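Asker: Got a structure for you, written out below as structure tokens; questions coming shortly.
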Amino acid sequence: MLKPALAGRIRLIGLDVDGVLSDGGIYVGQVGDRAVELKRFDSQDGCGAWLLRKAGITLVVSSGRVSEATTIRAREMKIEEVLEDETGGGRKLATFAAMLARRGVAWDECAFVGDDLADLPLLTRVALPIAVANAVPEVKAAAALVTRRGGGNGALREVAETILKARRVWHDLLQQYLQERGDVEAPPRRSRRAG
């Protein structure tokens, strides 16, 4: 169970892509003379991202490779920043550390969600290391929290619920989500009587 004090400290969550936001599969093909890459993402993660943003938590993607599909999905989810290793070598630490310094966020105010060995340098530095269900054993061993859901199957949505319930704001944010969508009416305001 996640302790409320730790959940309350989290200001930023870093997210791996392949195997966390996506199911890890990469579909490569060609359309005309252009190479195309497709990935499978879970729509529930978009809801999780919305809830985390409303709670004041910044989301940042950290990927070991450049991918147009990642950029498109991050934009759809309104993720603030996409960090990609342009060499394709899976190196994440330097760009993540530079981003934290630029934003004035400390390692002990961060969570990171990962699944593979390239995520270990970040997972071993953040306050809340999280592994998805399909993570390799080394990543699960480094994690303080392991999701029941796998990458590309709503793992971020589960992370959001876990953190927000530990902060005791889940119900209020859920109501706000439904109200903003027009799915439920706002609770009636209490009138003040002049006395």
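The values are calculated or read from the model by the stated rules, or taken from the named source; none is laboratory data. What you see is a predicted model; the values in this text were computed from it and never measured. Here Cβ is always computed from backbone atoms with ideal geometry, including for glycine, and neighbour counts include all displayed protein chains. Remember, those area values only see protein heavy atoms, side chains included, never the ligands or the DNA or RNA. Shrake-Rupley method; radii C 1.70, N 1.55, O 1.52, S 1.80 Å.
Asker: Cut-off under 24 Å on the C-alpha distance; same-chain residues fewer than 8 positions from K140 excluded. Which lysines are left, in chain and number order?
Answerer: Cα-Cα hits under 24 Å: K3, K39, K92, K165.
Asker: Treating cross-link reach as a plain straight distance, find the aspartates and glutamates whose alpha-carbon is under 13 Å from the alpha-carbon of K78, omitting any fewer than eight places away in the same chain.
Answerer: Within reach: D45.
Asker: As a check on your grasp of the helix formula, calculate [θ] at 222 nm for the chain: sum -39500 (n - 2.57) over DSSP H runs of n ≥ 4, divide by the residue count, round to the nearest 500.
Answerer: Details: 8 runs with 71 residues, N = 195.
Here the helix-only value at 222 nm equals -10000 deg cm²/dmol.
Asker: Would you work out the relative contact order for segment 79-195, in percent, from Cα pairs under 8 angstrom that are 6 or more residues apart?
Answerer: After rounding, I find 14 percent.
Asker: Debye calculation, C-alpha points only, no solvent: report log10 I(q)/I(0) for segment 6-111 at q = 0.12, 0.13, 0.23 Å⁻¹, in the same order as the q values.
Answerer: Calculated log10 I(q)/I(0) at the listed q: -0.43, -0.50, -1.35.
Asker: Per residue, how many Å² of accessible area does the chain show with a 1.4 Å probe?
Answerer: The answer is 55 Å² per residue.
Asker: Taking θ as phi - 60°, what are the ³J(HN,Hα) couplings along segment 76-86 by the Karplus curve (6.51, -1.76, 1.60), each to the nearest whole Hz, with x for Gly and Pro?
Answerer: 4, 8, 6, 6, 5, 8, 10, 9, 10, 7, 5
Asker: Keeping the other protein chains in place, figure out the carbon and sulfur percent of the accessible area of the chain, with a 1.4 Å probe. Could the numbers behind the result be given before it?
Answerer: Numbers: 5310 of 10650 Å².
Ligands and nucleic acids excluded, carbon and sulfur give 50 percent.
Asker: Tell me the relative contact order for segment 1-146 as a rounded percent, counting alpha carbon contacts under 8 Å between residues six or more apart.
Answerer: 24
Asker: Which length gain, in nm to one decimal place, applies between V31 and R102 when the Cα-Cα distance is subtracted from 0.36 nm times their residue separation?
Answerer: Length gained, V31 through R102: 21.7 nm.
Asker: Taking the DSSP beta bridges in the chain as the whole, what percent of them are antiparallel, to the nearest 5?
Answerer: Around 25 percent of the beta bridges assigned by DSSP in the chain are antiparallel ones.
Asker: Taking the Cβ-Cβ separation of L174 and R125 as r and a Förster radius of 25 Å, what is the calculated FRET efficiency to the nearest 0.05?
Answerer: Result of the calculation: an efficiency of 0.20.
Asker: Classify segment 127-170: rounded, prolate or oblate, from the alpha-carbon gyration tensor (a ≥ b ≥ c, eigenvalue square roots; a/c under 1.5 rounded; otherwise prolate if a/b is larger than b/c)? Don't skip to the answer; put the middle values down first.
Answerer: On the way: a/c = 3.57, a/b = 1.49, b/c = 2.39.
Oblate, because a/c is 1.5 or more while a/b does not exceed b/c.
Asker: If R₀ is 25 angstrom, what is the calculated FRET efficiency for the pair R53 and D183, using the beta carbon separation as r and rounding to 0.05?
Answerer: 0.85
Asker: If I model a spin label as a point 7 Å beyond the Cα along the Cα-Cβ vector, how far apart are those points for A133 and T71 in nm?
Answerer: 3.3
Asker: While we're on this one: Given N residues in the chain, what is its alpha carbon radius of gyration divided by 2.2 N^0.38 Å?
Answerer: The reported ratio for this selection is 1.11.
Asker: Kirkwood Rh and Cα-based Rg: tell me the resulting Rg over Rh for segment 104-194, rounded to two decimals.
Answerer: Rounded to two decimals, Rg/Rh equals 1.18.
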